[in-house]
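Taken together, the values in this text are just the output of simple stated rules run on the coordinates, not laboratory data. Predicted, not measured: the structure shown is a model, and the values here were computed from it. With ideal geometry, Cβ positions are generated from the backbone for all residues, glycine too; neighbour counts draw on all protein chains shown.
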Amino acid sequence: MKAGNTVSTIHLLDPATVNQIAAGEVVERPASVVKELVENAIDAGARSIRIDVTTSAKEILSIRIIDDGSGMSPDDALLAFTPHATSKITRIEDLHHINTLGFRGEALASIAAVSRISLTTRPRNSGEGIGTKVLVEGGKIQETGEIGAPEGTNVLVEDLFFNTPARKKFQRSKNTEIAHIHAILEGICLAHPGISFRLYINQNEQLVTDRSPRILDTIARIFGSDVVKDLIPLSLSFPFMKISGYISRPSRARRDASRIMIAINQRFVSSTIIVGAVKEGYGTLLSKDRFPIAFLTLEIDTELVDVNVHPTKKLVRLSREKEITRAISEAVKTALLSHDLIPDVVAPSQLFLEESSKHTTTVPDLKYDFTVPAPPRISEALHSGNVMTDRQLRQTELLTGMVPVDAKLPVMEVIGQLGGIYIMATTETGELVLIDQHAVHERILYEQVIARTAGDHRSQELIVPFILHRTLQEGAILRDLLPALAQEGFVLEEFGRDTFLVRAIPVVLGKLEDTSIIDEMVSDLICEEPVRSVNTRERITRIIACRGAIKAGTVCTQEQCQRLIHQIRYTKNPFTCPHGRPTMIRFSRTDLDTMFKRI
């Protein structure tokens, strides 16, 4: 081929395409718009910021951010929509001393590239009531002019992703997107307690914080006073860092790290390294699967913090990382050791009209050769833990004294319990069986949940409904889950902007002595990443079974162990728990002889 006929395969993209690509990095969803515009308002010195979100039945329609910050001149208002235009830095050296929340110069231009924006602004102390209005559509300025306006800036974003239908298609449900907005704002509010924030969804007030020098006031506003009473103050200075804030007593631990909230130099960030350092500070006060609540503010030399790791500026990179994490762990440990950590005992309450089960419970759709009464109970002194285990076993009690038609397990006799975790039993043929008591009871409960929800009687009503407090973010997610929860026997009603009234729970949970189990179930459902192959209903069923089952570490009597392994024989799949872990392991006489080199 002649050189003159060569077709170039490399070409420059047009500005519109470049802007949309940049927008994809910065503007992932509506919450990204809220984050960028609120951070711009903070950098502009705002003392009060209002966020208005309007929605249809299925999606977010518009986002408006109003602040009383410094405002912009007519020239700056136009320049603000130009890619890489910023007031935050002037030269490359400034990147090593970032004291603002935004500096990339992409946010406003990127948002404008994929939406319709109306910006109204007026400089503070301008002495006139005239401001500037700029209308932008798809990155192109459509109109500019003067307009009467208060001091500060008002930005209205509409029709987000109108010109990028593929991105719009992949947005989640309305409540999920609102939950992301709540999560962003909760972090920002905690990082800036001295600013007043107001969030409105369809003109309904959702989140309100007041200007306060104390972060504790903001924590109480967002998470409630019951959380505040269990917090321990933390404050420690190091040559390169100051750390302050609050951490929870170990008794307030959760199964996830979602409430370990970190601000570095007034920037709300995500950092698995810092979360790990906080957890390490608790040491053996927490089990490996539990996490504390923590609201920490770190003031670190800006030269040690790189906030230019990701376009959204949520992730940071730290220099002297080992020293910083060691200091955080030390600060947490010091705060804990200086306080009384003995938890208060909460007396159980009677919540049900009547106990839903006595000594036996019939499970629908299981066929047996014949029916005999349950064996007599052994009368012995039981401590509170045994009493709780007894109630759990009674709830899942199957008709005993006979073998199911399709029994998959041999008759076993308990010989002991190991560490409150494993039951040791033998079969008639002399085999040794090690049984995981939690996995076994979880499987029993799982199949009973499925059997009961297939019928009509799946809920038991509470005499006294109890209030379930969630964060605004969690509440938005929970609203999407209410129909699925109702299918499994949970009856929840909205009871305010961030609370729900629990009126009934699944029958299989029996008599509820401690309402925290429901709180933990909801936390599991909200925080757990859904597995693609498992639908919401299946996730709920597994969580009910897991939370309602006898826990590992529970000391059981000989009789209780025997009842448990008797119950597992009546299940359709006695070999694994709902998550796929084995319920038991068998050692034949030959296996044991081989291990001891007898053969």
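How do Arg539, Arg394, Arg598, Arg563 line up, fewest other C-beta atoms within 10 Å first? Display every interim value, and only then the final one.
Values: Arg539 17, Arg394 20, Arg598 9, Arg563 23.
Final ranking by Cβ density, sparse to dense: Arg598, Arg539, Arg394, Arg563.
In the structure shown, do any of Lys229/Lys551; Lys279/Lys322; Lys35/Lys133; Lys229/Lys322; Lys288/Lys333 have a Cα-Cα gap over 20 Å, and if so which? It would help to have the intermediate numbers written out before the result.
Numbers: Lys229/Lys551 28 Å; Lys279/Lys322 15 Å; Lys35/Lys133 22 Å; Lys229/Lys322 32 Å; Lys288/Lys333 16 Å.
As for pairs spanning more than 20 Å Cα to Cα, those are Lys229/Lys551; Lys35/Lys133; Lys229/Lys322.
Taking 7 Å along the Cα-to-C-beta vector as the label spot, tell me the Thr429-Asp159 distance in nanometres, rounded to one decimal.
Those two pseudo-labels are separated by 7.4 nm.
Using mean Cβ contacts within 10 Å as the protection proxy, how do 243-250, 273-280 order, highest first? Mind dumping the intermediate values first?
Values: 243-250: 20.8, 273-280: 19.2.
Descending packing order for the listed peptides: 243-250, 273-280.
So, with +1 on the Cβ of K and R and -1 on the Cβ of D and E, and no other charges, what is the size of the charge dipole of region 384-587 about its Cα centre, to the nearest 20 debye?
Details: 22 positive and 26 negative charges, 60 e Å.
Approximately 280 debye in magnitude.
For Thr54 and Leu501, compute 0.36 nm times the residue count separating them, minus their Cα-Cα distance, and round to one decimal in nm. If you can, show how the numbers build up before the last one.
Values: separation 447, 0.36 × 447 = 160.92 nm, distance 2.59 nm.
Taking 0.36 nm per residue and subtracting the Cα distance, the gain is 158.3 nm.
Bin width 5 Å, alpha-carbon pairs only: give the P(r) of region 384-587 as whole percents, running from 0 to the bin holding the largest distance.
The calculated distribution, bin by bin, is 1, 7, 15, 19, 18, 15, 11, 7, 4, 2, 1, 0, 0.
Sticking with the crude label model, points 7 Å out along Cα→Cβ, report the distance from Ile585 to Glu520 in nm, one decimal please.
Computed distance between label sites Ile585 and Glu520 equals 2.5 nm.
Taking R0 as 45 Å, what's the FRET efficiency between Leu592 and Glu330 from their Cβ-Cβ distance, rounded to 0.05? Mind showing how you got there, number by number?
Values: r = 49 Å, r/R0 = 1.09.
The computed FRET efficiency comes out at 0.35.
Taking amide H positions as placed 1.01 Å from N in the peptide plane, with prolines and chain starts having none, which residues 5 or more places from Ile147, or on another chain, fall under 5 Å of its amide H?
Amide H to amide H, under 5 Å and 5 or more residues apart or across chains, Ile147 pairs with Gly131, Thr132, Lys133.
Extending each Cα 7 Å along its Cβ direction at Arg317 and Ile147, get the distance between those two points in nm, one decimal.
4.1
Just check region 102-219 against the gyration tensor rule for me: Cα atoms, a ≥ b ≥ c as the square roots of the eigenvalues, rounded for a/c under 1.5, and otherwise prolate or oblate depending on whether a/b exceeds b/c.
oblate
Mind giving me the FRET efficiency for His339 and Ser173? R0 is 41 Å, r the Cβ-Cβ distance, nearest 0.05 is fine. Don't skip to the end; give the middle numbers.
Details: r = 42 Å, r/R0 = 1.02.
Between His339 and Ser173 the formula returns 0.45.
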